[in-house]
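Below is one structure; the comments refer to it alone.
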Amino acid sequence: MKTGYRLFSLFCWACALLPVAGVFGLVVFLLKQGWGGLGLELFFGDTPPLDAIFRFAPVWDGIWPACFGTLAVTGLAALTAIPLGLFCGIYLNEFPRGRLSGILDFCVNLLAGMPSIIMGLFGFALILFLRHTLVPDAGTGLLLSGFCMGLLVLPYMIKSTQASLGGLPEDLRLMGTGLGFSKSQTIRHILLPSAGRGIMSGVVLSIGRAAEDTAVIMLTGAVANAGLPRGLFDNYEALPFFIYTVAAEYQSPEELQHGFGAALVLLTMTMGLFLAAHGLHHAMEKRWKRG
Amino acid sequence: METGMNTVISIRDLTVSFKDKKALSDVNFDVMPNELTVLVGRSGSGKSTLLRAVNRLNECFEGCETSGGISVRLGGETLDVYASETDPERLRSRVGMVFQAPNVLPISIERNLLLPQKLVRGIGGARAREVMERVLEDVGLLDEVKDRLKQPAGTLSGGQQQRLCLARTMALEPEILLLDEPTASVDYKSVEHIEQLLLRLAPTLPMLVVSHSLDQTRTLADRVILMREGRVAGTWSRTDHDAETAFDELLSTTF
């Protein structure tokens, strides 16, 4: 009995250690390969950094436009997926279950299992359709990528909202109702803040996924050397796409090092986004708790 | 629905079922003003369902069907609780309820009292704080919490939490109070505190209280309604002839 338990706990320990070791190994590997490539030159090439940042001077050999593009796509995806997913999750969990919620539930699961390349193809086909029908000069670009990416990560938001609302004790609902709160007041002021932590993990998952996915953006508007996009309908550069092209086509060790440097930057950027999301959640929770 | 001029709550032929399982059958009784009415009975006898029928909280449970009628006297007017034009949210804010287990929000003590006032009555600022202090004083909690109002309500003891819940309901200035075993999960000192408070409030605030304790029923009740298997099995009133013996007789079957 005792040895059995020991073996069991050892196994659990080992399993818990594995992801830590994985992340650690990955970061060390990236740092080793990419650290040397980090520097202003990686970001801006030959262009003076201040000109690039404040005067939008074109950057030819740097990843600055790609950083901007990735931030923009991730932001647009978050703008699409977070509100939509939140309200969808609320609908699925807080409204009486009918035939529609069954269908919706099924669709969300289907969407969650959709490979990202299919989502990219969908975006591409959507533009072709629009060109042939309503908008003859529609093209790929930031907005289309952001929308398709939002669709890709939408299930994470819906499922995490649904699960964290569903995990709340029934008393909490009854309490608000018993005090005379309307349904929307109960949801807004009691249930959503109580489920904040779970919803937040959905936000983090969505942001991470939207920042790294390459298949969707490849078919919907990311191109090499596009420079900074001039608008929502313009093509753009993106970090994952840059990394992908470098990995496939590099011609010198320096170029490869740039690719690793870009990977490090992407990792740092998503970390920054996570921290921002947590900070926001923390501030909201504090406001809810202390008034 | 016809009611006597003076009744505060009038229940007529009330039947409640959940998914075809009957929880209450043909319940009839009145709650008079200036009388503290206590509902007693074994668990599963329908006391809580009866209480929740008065503020239409049963509707939050799946498969609930209610027939018969309840009318309540609010602001000098008689309101048919189950009429289609009755707004259940407004009703619930005027007919306050305290649950068996303390259900404070995981937010600060003062926000537990300020948030409902703001959402339900639209009152904030200094006026809401005035109300907060008054109700905290009423439930005997002011001295215990006045220096830690910003702390999470979860740090209070069970008894304090229950008194906070009572204060929260009182802050909405209800015209009728429904209490579902308000002292079931609190320490004996808080029991005494809450009972004294209820006795003090009873002359001005009509109350319907579910109780599980013989002593408490004896202390509080002006009237007792004994429930058994979803029906009224007996009643008692302090004004009954030979009240003391009648009380013992009625409750010997329950406790």
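The values are calculated or read from the model by the stated rules, or taken from the named source; none is laboratory data. Quick caveat: nothing in here was measured; it's all calculated off a predicted structure. Cβ sites come from the backbone with ideal geometry, for glycine too, and all protein chains shown count toward neighbours.
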>> One residue is enough: does the range B:121-129 have a residue meeting the conditions in contact (Cβ under 8 Å) with a residue 24 or more places away in the chain, in contact with a Pro (Cβ under 9 Å, 6 or more places away or on another chain) and under 15 Å from B:Thr169 (Cβ atoms)?
In response: no
> Which residue pairs have Cβ atoms closer than 6 Å, lie 6 or more positions apart in sequence or on different chains, and pair a first residue in the range B:162-182 that is in contact (Cβ under 8 Å) with a residue 24 or more places away in the chain with a second residue that is surrounded by 22 or more Cβ atoms within 10 Å (Cβ to Cβ) and of a type in the set (Phe, Trp, Tyr)?
Replying inline: B:Asp180/B:Phe99
> Looking at the range B:95-113, which of its residues are surrounded by fewer than 16 Cβ atoms within 10 Å (Cβ to Cβ) and either more than 8 Å from chain A (Cβ to nearest Cβ) or more than 19 Å from B:Leu51 (Cβ to Cβ) (or both)?
Replying inline: B:Pro106
>> So for the range A:233-241 (the condition being surrounded by fewer than 15 Cβ atoms within 10 Å (Cβ to Cβ) and more than 16 Å from A:Ala211 (Cα to Cα)), does at least one residue qualify?
In response: no
>> As an exercise: evaluate A:Val223 against (1) touching a strand residue (DSSP E or B) at 6+ places or on another chain (Cβ under 8 Å); (2) surrounded by 18 or more Cβ atoms within 10 Å (Cβ to Cβ) and give the number of the one condition it does not meet.
In response: (2)
>> Quick check on my filter: what residues within the range A:102-133 are surrounded by fewer than 15 Cβ atoms within 10 Å (Cβ to Cβ) and small (Gly, Ala, Ser)?
In response: A:Gly102, A:Ala112, A:Gly113, A:Ala125
> Which of the residues that make up the range B:90-110 are in contact (Cβ under 8 Å) with a residue 12 or more places away in the chain, over 20 Å from B:Ser190 (Cα atoms) and out of contact with any helix residue (DSSP H, G or I) (no Cβ under 7 Å at 6 or more places or on another chain)?
Replying inline: B:Leu91, B:Arg94
> So B:Met170 clears everything in (1) under 18 Å from B:Val54 (Cβ atoms); (2) surrounded by fewer than 21 Cβ atoms within 10 Å (Cβ to Cβ) except one condition, right? Which one?
Replying inline: (2)
> Looking at B:Ser25, B:Ser10, B:Ser45, which is the one that is touching a strand residue (DSSP E or B) at 6+ places or on another chain (Cβ under 6 Å) and surrounded by fewer than 17 Cβ atoms within 10 Å (Cβ to Cβ)?
Replying inline: B:Ser25
> Among (1) surrounded by 14 or more Cβ atoms within 10 Å (Cβ to Cβ); (2) more than 14 Å from chain A (Cβ to nearest Cβ), where does B:Glu89 come up short?
Replying inline: (2)
> Which of the residues spanning the range A:149-203 are over 28 Å from the mean Cα position of the chain (by Cα), of a type outside the set (Gly, Ala, Ser) and not in a helix (DSSP H, G or I)?
Replying inline: A:Pro169, A:Phe181
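Among the residues of the range A:58-90 satisfying the criterion of being assigned to a loop (DSSP other than H, G, I, E, B) and crowded, with 20+ Cβ neighbours inside 10 Å, which is modelled with the lowest pLDDT?
Of everything passing the filter in the range A:58-90, A:Val59 is modelled with the lowest pLDDT.
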> Quick one: would you say B:Gly140 is outside any helix (DSSP H, G or I), at pLDDT below 95 and of a type in the set (Gly, Ala, Ser)?
Replying inline: yes
> Which of the residues belonging to the range B:205-233 are assigned to a loop (DSSP other than H, G, I, E, B) and under 22 Å from B:Ile11 (Cβ atoms)?
Replying inline: B:Leu205, B:Pro206, B:Ser211, B:His212, B:Ala221, B:Asp222, B:Glu229, B:Gly230
> Looking at the range B:174-194, which of its residues are over 13 Å from the mean Cα position of the chain (by Cα) and of a type outside the set (A, V, I, L, M)?
Replying inline: B:Ser185, B:Asp187, B:Tyr188, B:Lys189, B:Ser190, B:Glu192, B:His193
> Looking at the range A:169-191, which of its residues are of a type in the set (Gly, Ala, Ser) and either touching a residue at least 60 places away in the same chain (Cβ under 8 Å) or within 18 Å of B:Ala167 (Cβ to Cβ) (or both)?
Replying inline: A:Gly176, A:Gly178, A:Gly180
> Within the range B:150-167, which residues are buried (at least 19 other Cβ atoms within 10 Å of the Cβ) and either farther than 18 Å from B:Val38 by Cβ or of a type in the set (Lys, Arg) (or both)?
Replying inline: B:Ala153, B:Leu156, B:Gly159, B:Gln160, B:Gln161, B:Arg163, B:Leu164, B:Cys165, B:Ala167
>> Could you go through the range B:16-39 and let me know if any residue there is among the hydrophobic types (A, V, I, L, M, F, W, C), under 27 Å from B:Gln160 (Cβ atoms), within 14 Å of chain A (Cβ to nearest Cβ) and not in a loop (DSSP other than H, G, I, E, B).
In response: no
>> Of the residues A:Pro136, A:Pro193, A:Pro169, only one is more than 14 Å from chain B (Cβ to nearest Cβ) and not aliphatic (A, V, I, L, M); which?
In response: A:Pro136
> Quick check: anything in the range B:199-214 buried (at least 17 other Cβ atoms within 10 Å of the Cβ), more than 15 Å from B:Glu35 (Cβ to Cβ), at pLDDT below 90 and in contact with a helix residue (DSSP H, G or I) (Cβ under 7 Å, 6 or more places away or on another chain)?
Replying inline: no
> What number of residues within the range A:1-38 satisfy the criterion of being under 26 Å from the mean Cα position of the chain (by Cα) and either at positive phi or not in a helix (DSSP H, G or I) (or both)?
Replying inline: 1
>> Show the residue pairs meeting these rules: Cβ distance below 6 Å; 6+ apart or different chains; first residue within the range A:279-291 and within 10 Å of chain B (Cβ to nearest Cβ); second residue in a helix (DSSP H, G or I) and of a type outside the set (Ser, Thr, Tyr).
In response: A:Glu285/A:Gly196; A:Trp288/A:Pro193; A:Gly291/B:Arg111
> Assuming B:Glu192 fulfils every condition listed in (1) under 30 Å from A:Lys286 (Cβ atoms); (2) surrounded by fewer than 19 Cβ atoms within 10 Å (Cβ to Cβ) apart from one, which condition is it?
Replying inline: (1)
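Here is a yes/no grid of residues against (1) under 21 Å from A:Leu191 (Cβ atoms); (2) aliphatic (A, V, I, L, M); (3) away from chain A (no Cβ under 13 Å):
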| site | (1), (2), (3) |
| --- | --- |
| B:Ser84 | no, no, yes |
| B:Ser93 | yes, no, no |
| B:Leu115 | yes, yes, no |
| B:Ala128 | no, yes, no |
| B:Met132 | no, yes, no |
| B:Pro152 | yes, no, no |
